[in-house]
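Chemist: Please find one structure pasted underneath; my questions will follow.
The values are calculated or read from the model by the stated rules, or taken from the named source; none is laboratory data. Predicted, not measured: the structure shown is a model, and the values here were computed from it. Note that we place each Cβ from the backbone using ideal geometry, even for glycine, and neighbour counts take in every protein chain shown.
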Amino acid sequence: MFEGNRNSESSGVSKMQFRVPPLIFLLGCLTVISSAWRISHAQEVESDPVTLEVPTSDSSQLAFELQQIGPPPFHRPKITNVQIVDLDRNGSQDVVVCDAQAQAVYCYRKSDAGLWEEQLLGDDLIAPAHATVVDLDQDGDSDVLVSVMGNLYPDDGVIGSLVLLENKEGVFEKRVLLDDVRRVVDAQPGDFDKDGDIDLAVAVFGYQRGQVLWLENKGDGNFLDHELLYAPGTIHVPVADYDNDGDLDIAAIVSQDEEEVWGFENLGDGNFTPHRVWMTVNYDIGSAGLVETDLDGDGDSDLLLPVGDNLEDSYCIPQPYHGCLWLENEGGWKFSEHRLASFSGTYAAAASDLDSDGDNDVVLCSMVNDWDSPASASATWMENDGEENFQQHTIAKEPIMLTTIACGDLNNDLRPDIVAGGLHLFRPFDRFGRVSSWLNNDDVRSPAPSSQQAPEDKQKPGNPSIVPLPDLSFVDDLTRADLQNAHDRVVAKVEQENDTEADWLKLGQAYYAFGLFSAANGCFELAVVKNPKSILANYLYGVSLARLGKLSDAIEQFHEAISISEKPQHSRLWCEIGRCYLRLEQPTEAESAFVKAGSNSAALAHLAKLRLRSGRAREAVGPLNTLAQQHSGTTEVLLLSYQVSLALGLKEQAQQYRDRAEYNSKKMPSDPIAIMVKQTTEKLGEVKLGKEAKRHVDSENWDEAAPLLERITNSHSGKGAILLLAGTEIQRGNSPRSIKLLEKFIKQSGSDPQATFLLGEAYQSAGQDEAALSIWESLAKISSEPTLHDRLAKQYERLGNHDAAEKQRALSIQAKGIATLRTGNPTSARKYLEQATDLDPSLVNSWFYLAECRRFLGERIAAQDAYNRVLELNPNHGRALRYLMLLSQAS
């Protein structure tokens, strides 16, 4: 049975006037578990992780000189990866940079005058995640592999690619090696089948659905893809001989609530055996990467695991478990866990002998920290005393929001230096850094960081019965005014001694919605003081404590809410307690709480997953079946059903669940707190004004919409408002204004596909058809949308190029067909894709997805025919080969 889903009721929460959410709603709703769930079927982890003492001290004999590499920060830098490597093989280290603001990859190298010179290696790479330098074609020079996400932000779409920048005498030519996949974030080389050429391990992050692949080099630049793991959120795939048997293996970190490290043992012939070498039940730990290094110098490959990525949250906040773990290779695919460092918001790690004492030290950088505190470090290093005892030292406190870090000798002084990149997505928007280096100098002390704690909003002292106004400088002017007014209204009531529980709940919700969690926590606490018997106040107080990482206090508060509530309300509270225990890595207590939560959907999902991951798949069936009866057919539960089926050895059933999940757009309703946040923000500031403007846009009241959108863009340069305003100006006949807006936005944020398409519309509206055509042709190289292909078809018809127009019409129909299939409608999708293959029989993707439609509908012979057409056009299409074999076995 088990085909159901976790769900939550989607009733409204906080209304315009900050009314208190109905108790039955908040206590009855389900917390969404955002990721797909995967089966654990291999090596168990050492059960008792070792915690190393990590002292902090100012006794470091190193100092670091900060220098900027490349141009200064512009707007809000978005550097996703830095590498220190001798790209041109001239004996000096260069810096290769992935820039998601410019949608490009650059190389920086020192000139004879000692200045950093910039070389563009490749552009029109939408959200490049990682650059790997390797001589892929083995012609004696260095090429660059770029893992392309297609979108920097959460997205489960099939928008990723792996792009080779092939070195042609110092000029890099772009060629796509892998596409039609979800967001790709890493690729690492290795000759896995020992045939003398270079194969690739690939991490497909996706979002709810992802993969670990290896690409078999078939020669002549062609690669055949093989799947090693189907799981969401794979970040890095470091390649090494982890079992010391003479061939290259692959490791992978899987995040997205899974929080597991996998090793893929190479059997020597391109076949791999999976081993799960580490896991945690703390779904919120925030795995951020995986680095191979021999940290203890014993001759085998260990792993460094930075943990501190909570970017899925609207407003990130440090947690007590952030830091870096060392997974020590004990041999036999067993790795023991050591906590190397506690460091808020750790996002990346690198290993190098910084102090030249013969052992590897570790460098860490932070994206999420208490940036209002002068004590918060953005980069630290862990000094290894040679016995794997580590002492933590500060490298820098700014620039802030560093997400990638590397070590190498930049100035040829035989000491490793450090390079890091900044990714400025969230507040505060200051202390920017694009690409920063720290030159390693001897014999100068550097201070140690203070103890890393979860941040608190900086508030002014005052009346203890009033929550002081938090720092609102980070929000837009419109929202700031609304929050200030909301605060002032409550203060006035306090001064009149007639403030109520409801007042504090309303204000707390407003603060919580904009990430002011300490202030919200204070408001909810005062609501409890006003009415200790309020279940809602106790519940929200517990939620805010948990959000701040004060998990034991949160558990106590949820127990208090249970003691004053009726039994039907206990289910939600026990679920929250269980989630806190998971974050405390106490699975036994968590399971007990989830059992007490009864039929709560979130608790059932957690319970099924806990039992599955502890090797009790049969015990997972009970809660999963109950969940299936409550919520059927959403992606999350289909994926969980896939994993349980796989663990039970039901391979055919597992494949059916996977197919349904792959071609499905039905999602779990939002968490009640997320709904509260959404509906609260919609009643405040620029979001409120934006909704009003959107109503005018939808009604085509362009003149009424324009001034509202102008107010928003003057307050905050968000993408949504700018694109709405640009489109509105086109409709008002003011194309020059639209062009100016869009070109400024693209300069600041890179070649965003939506903005680029709209820019073409603006030029066409201005009568500049050739400019519009050029823009759309460029966009079509990196994006495929029906409207884009329709525009190009019309332009080509205008020019009399009927063949090109026909090709674009086929691509438009193909895009509609694939999109329709992904919404779970294979019958309608099949019709589109049959039309596309009739118009253009050379479209590989049309044939492949037509085959998928037919397979999904049980049309085995027709599906085999379509897969064979795929292989005629592309003999190395791995998925077509796999599914053709699957159909042959089924027959």
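Chemist: Limited to the stretch 664-693, what total is found for residues that are in contact with a Gly (Cβ under 9 Å, 6 or more places away or on another chain), farther than 18 Å from Gly508 by Cβ and buried (at least 16 other Cβ atoms within 10 Å of the Cβ)?
Modeler: Residues that pass the stated criteria total 4.
Chemist: Something else about it: Does Gly331 satisfy being modelled with pLDDT of 95 or more and at positive phi?
Modeler: Yes; evaluated as a whole, the condition is true for this residue.
Chemist: Suppose we filter the stretch 830-865 for residues that are in a helix (DSSP H, G or I), over 34 Å from the mean Cα position of the chain (by Cα) and polar (S, T, N, Q); how many remain? Spell out the reasoning first.
Modeler: So the first thing to find is which residues in the stretch 830-865 are in a helix (DSSP H, G or I), and the list is 830-839, 844-856, 860-865.
Right, trim to over 34 Å from the mean Cα position of the chain (by Cα) and you get 831, 834-835, 837-839, 860-865.
Next, from what is left, pick out any that are polar (S, T, N, Q): 835, 837, 864.
Adding up the residues that qualify gives 3.
Conditions (1) more than 19 Å from Leu839 (Cα to Cα); (2) out of contact with any Leu (no Cβ under 9 Å at 6 or more places or on another chain); (3) surrounded by fewer than 21 Cβ atoms within 10 Å (Cβ to Cβ), marked per residue:
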| site | (1), (2), (3) |
| --- | --- |
| Leu759 | yes, no, no |
| Ala766 | yes, yes, yes |
| Ile775 | yes, no, no |
| Ser778 | yes, yes, yes |
| Thr787 | no, yes, yes |
| Ala805 | no, no, yes |
| Ile818 | no, no, no |
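Chemist: Given the criteria assigned by the TED database to the domain that holds Leu414 and buried (at least 16 other Cβ atoms within 10 Å of the Cβ), does Ile69 qualify? Quick ask: steps written out before the conclusion?
Modeler: Values: assigned by the TED database to the domain that holds Leu414: yes; buried (at least 16 other Cβ atoms within 10 Å of the Cβ): yes.
Against the criterion (assigned by the TED database to the domain that holds Leu414 and buried (at least 16 other Cβ atoms within 10 Å of the Cβ)), Ile69 qualifies.
Chemist: Consider Arg791 against the criteria (1) under 35 Å from the mean Cα position of the chain (by Cα); (2) crowded, with 16+ Cβ neighbours inside 10 Å; (3) of a type outside the set (Phe, Trp, Tyr); (4) closer than 30 Å to Leu200 by Cα: it satisfies all of them except one. Which criterion is unmet?
Modeler: Result: Arg791 passes all but (4).
Chemist: Further question: For the stretch 794-829, which positions are among the basic types (Lys, Arg), within 32 Å of the chain's Cα centre (by Cα) and modelled with pLDDT of 95 or more?
Modeler: Taking the stretch 794-829 and keeping what is among the basic types (Lys, Arg), we get 794, 798, 807, 809, 816, 822.
Those left that are additionally within 32 Å of the chain's Cα centre (by Cα): 816, 822.
If the condition is that a residue be among the basic types (Lys, Arg), within 32 Å of the chain's Cα centre (by Cα) and modelled with pLDDT of 95 or more, then Lys816 is the only one that fits.
Chemist: Next question, about the same structure. Take Ile79 and tell me if it is within 25 Å of Gly210 (Cα to Cα), assigned to a strand (DSSP E or B) and touching a strand residue (DSSP E or B) at 6+ places or on another chain (Cβ under 8 Å).
Modeler: Numbers: within 25 Å of Gly210 (Cα to Cα): yes; assigned to a strand (DSSP E or B): yes; touching a strand residue (DSSP E or B) at 6+ places or on another chain (Cβ under 8 Å): yes.
For Ile79, the condition - within 25 Å of Gly210 (Cα to Cα), assigned to a strand (DSSP E or B) and touching a strand residue (DSSP E or B) at 6+ places or on another chain (Cβ under 8 Å) - is met.
Chemist: With (1) touching a Gly at 6+ places or on another chain (Cβ under 6 Å); (2) over 29 Å from Pro875 (Cα atoms); (3) aromatic (Phe, Trp, Tyr) as the list, and Trp262 as the residue in question, which single condition is left unmet?
Modeler: Tallying (1) touching a Gly at 6+ places or on another chain (Cβ under 6 Å); (2) over 29 Å from Pro875 (Cα atoms); (3) aromatic (Phe, Trp, Tyr), Trp262 fails exactly one: (1).
Chemist: Okay, moving on. In the stretch 676-721, how many are closer than 19 Å to Phe426 by Cα and assigned to a helix (DSSP H, G or I)?
Modeler: Total satisfying the criteria: 13.
Chemist: Condition (residue is under 16 Å from Asp659 (Cβ atoms), of a type in the set (Ser, Thr, Tyr) and surrounded by 22 or more Cβ atoms within 10 Å (Cβ to Cβ)) applied to the stretch 863-882: is it met by at least one residue?
Modeler: Looking through the stretch 863-882, at least one residue is under 16 Å from Asp659 (Cβ atoms), of a type in the set (Ser, Thr, Tyr) and surrounded by 22 or more Cβ atoms within 10 Å (Cβ to Cβ).
Chemist: Restricted to the stretch 384-413, and to residues that are in a loop (DSSP other than H, G, I, E, B) and out of contact with any Ser or Thr (no Cβ under 8 Å at 6 or more places or on another chain), which residue is surrounded by the fewest Cβ atoms within 10 Å (Cβ to Cβ)? Spell out the reasoning first.
Modeler: Narrowing the stretch 384-413 to residues in a loop (DSSP other than H, G, I, E, B): 385-389, 397-401, 409-413.
From what is left, the residues that are out of contact with any Ser or Thr (no Cβ under 8 Å at 6 or more places or on another chain) are 385-389, 409, 411, 413.
Values: Asp385: 12, Gly386: 11, Glu387: 8, Glu388: 17, Asn389: 13, Asp409: 16, Asn411: 16, Asp413: 12.
My answer is Glu387.
Chemist: Just one of Pro154, Pro189 is part of a loop (DSSP other than H, G, I, E, B) and either closer than 27 Å to Phe757 by Cα or at pLDDT 95 or above (or both); which is it? Don't jump to the end; show me each part of the working.
Modeler: Working: Pro189 fails: part of a loop (DSSP other than H, G, I, E, B).
Step by step, each of Pro154, Pro189 is checked, and only Pro154 is part of a loop (DSSP other than H, G, I, E, B) and either closer than 27 Å to Phe757 by Cα or at pLDDT 95 or above (or both).
Chemist: Determine which single condition Asp247 fails, assuming it passes every other condition in (1) without any contact (Cβ under 8 Å) to a residue 60 or more places away in the chain; (2) of a type in the set (Asp, Glu); (3) under 24 Å from Ala661 (Cβ atoms); (4) in contact with a Leu (Cβ under 9 Å, 6 or more places away or on another chain).
Modeler: (3)
Chemist: Cβ contacts < 9 Å: first residue on the phi > 0 side of the Ramachandran plot, restricted to the stretch 667-684; second residue part of a helix (DSSP H, G or I) and crowded, with 18+ Cβ neighbours inside 10 Å, any location; separation 6+ or different chain. Result?
Modeler: none
Chemist: Moving on. Does Leu689 meet the test of being touching a helix residue (DSSP H, G or I) at 6+ places or on another chain (Cβ under 7 Å), in contact (Cβ under 8 Å) with a residue 60 or more places away in the chain and either within 23 Å of Arg182 (Cβ to Cβ) or small (Gly, Ala, Ser) (or both)?
Modeler: no
Chemist: Report, by residue number, each residue of the stretch 488-522 that is surrounded by fewer than 21 Cβ atoms within 10 Å (Cβ to Cβ), outside any helix (DSSP H, G or I) and on the phi < 0 side of the Ramachandran plot.
Modeler: Once the filter is applied, which keeps residues that are surrounded by fewer than 21 Cβ atoms within 10 Å (Cβ to Cβ), outside any helix (DSSP H, G or I) and on the phi < 0 side of the Ramachandran plot, the stretch 488-522 yields Gln496, Asn498, Thr500.
Chemist: For the stretch 114-133, indicate whether the set of residues that are more than 25 Å from the chain's Cα centre (by Cα), over 23 Å from Lys747 (Cβ atoms) and crowded, with 20+ Cβ neighbours inside 10 Å is non-empty.
Modeler: no
Chemist: Now a separate question. Any residue at all in the stretch 523-543 that's assigned to a loop (DSSP other than H, G, I, E, B) and either assigned by the TED database to the domain that holds Trp371 or touching a Phe, Trp or Tyr at 6+ places or on another chain (Cβ under 7 Å) (or both)?
Modeler: Keep residues of the stretch 523-543 that are assigned to a loop (DSSP other than H, G, I, E, B), which gives 531-534.
Subset that is either assigned by the TED database to the domain that holds Trp371 or touching a Phe, Trp or Tyr at 6+ places or on another chain (Cβ under 7 Å) (or both): none.
Taking every residue of the stretch 523-543 in turn, none turns out to be assigned to a loop (DSSP other than H, G, I, E, B) and either assigned by the TED database to the domain that holds Trp371 or touching a Phe, Trp or Tyr at 6+ places or on another chain (Cβ under 7 Å) (or both).
Chemist: Now for a separate question. With respect to Asp357, determine if the residue is among the charged types (D, E, K, R) and surrounded by fewer than 19 Cβ atoms within 10 Å (Cβ to Cβ). Even if it seems obvious, please write down each step before you answer.
Modeler: Details: among the charged types (D, E, K, R): yes; surrounded by fewer than 19 Cβ atoms within 10 Å (Cβ to Cβ): yes.
Answer is yes for this residue.
Chemist: Looking at the structure I just gave you, is Asp309 in a loop (DSSP other than H, G, I, E, B), at pLDDT below 95 and surrounded by 23 or more Cβ atoms within 10 Å (Cβ to Cβ)? Working first, answer last.
Modeler: On the way: in a loop (DSSP other than H, G, I, E, B): yes; at pLDDT below 95: yes; surrounded by 23 or more Cβ atoms within 10 Å (Cβ to Cβ): yes.
Answer is yes for this residue.
Chemist: Of everything in the stretch 617-648, what is modelled with pLDDT under 95 and assigned to a loop (DSSP other than H, G, I, E, B)? Give them in sequence order.
Modeler: The answer is His631, Gly633, Thr634.
Chemist: Read through the list (1) polar (S, T, N, Q); (2) surrounded by fewer than 22 Cβ atoms within 10 Å (Cβ to Cβ); (3) within 25 Å of the chain's Cα centre (by Cα), then give the number of the only condition that Thr380 fails.
Modeler: Condition not satisfied by Thr380: (2).
Chemist: Would you pick out the residues in the stretch 424-439 that are modelled with pLDDT under 95 and either surrounded by 22 or more Cβ atoms within 10 Å (Cβ to Cβ) or touching a strand residue (DSSP E or B) at 6+ places or on another chain (Cβ under 6 Å) (or both)?
Modeler: Matches in the stretch 424-439: His424 only.
Chemist: Still on this structure, I have one more. Tally up the residues in the stretch 736-752 that are outside any loop (DSSP other than H, G, I, E, B), crowded, with 20+ Cβ neighbours inside 10 Å and in contact with an Asp or Glu (Cβ under 8 Å, 6 or more places away or on another chain), please. Steps first, please.
Modeler: Initial filter on the stretch 736-752 (outside any loop (DSSP other than H, G, I, E, B)): 736-749.
Then keep just the ones that are crowded, with 20+ Cβ neighbours inside 10 Å; that gives 738-739, 741-742, 745, 749.
Add one more test, that the residue is in contact with an Asp or Glu (Cβ under 8 Å, 6 or more places away or on another chain), and what stays is 738, 741, 745.
Residues in the stretch 736-752 being outside any loop (DSSP other than H, G, I, E, B), crowded, with 20+ Cβ neighbours inside 10 Å and in contact with an Asp or Glu (Cβ under 8 Å, 6 or more places away or on another chain): 3 in total.
Chemist: Tally the residues that are over 29 Å from the mean Cα position of the chain (by Cα) and surrounded by 21 or more Cβ atoms within 10 Å (Cβ to Cβ), restricting the search to the stretch 707-726.
Modeler: So the count comes out to 2.
Chemist: Take the residues in the stretch 84-102 that are out of contact with any Ser or Thr (no Cβ under 9 Å at 6 or more places or on another chain) and part of a loop (DSSP other than H, G, I, E, B); name whichever of them is nearest to Pro753 (Cα to Cα).
Modeler: Gln93
Chemist: Select from the stretch 312-334 the residues that are over 17 Å from Glu259 (Cα atoms), crowded, with 21+ Cβ neighbours inside 10 Å and among the polar types (S, T, N, Q) and list them in ascending order.
Modeler: Matches in the stretch 312-334: Asn329 only.
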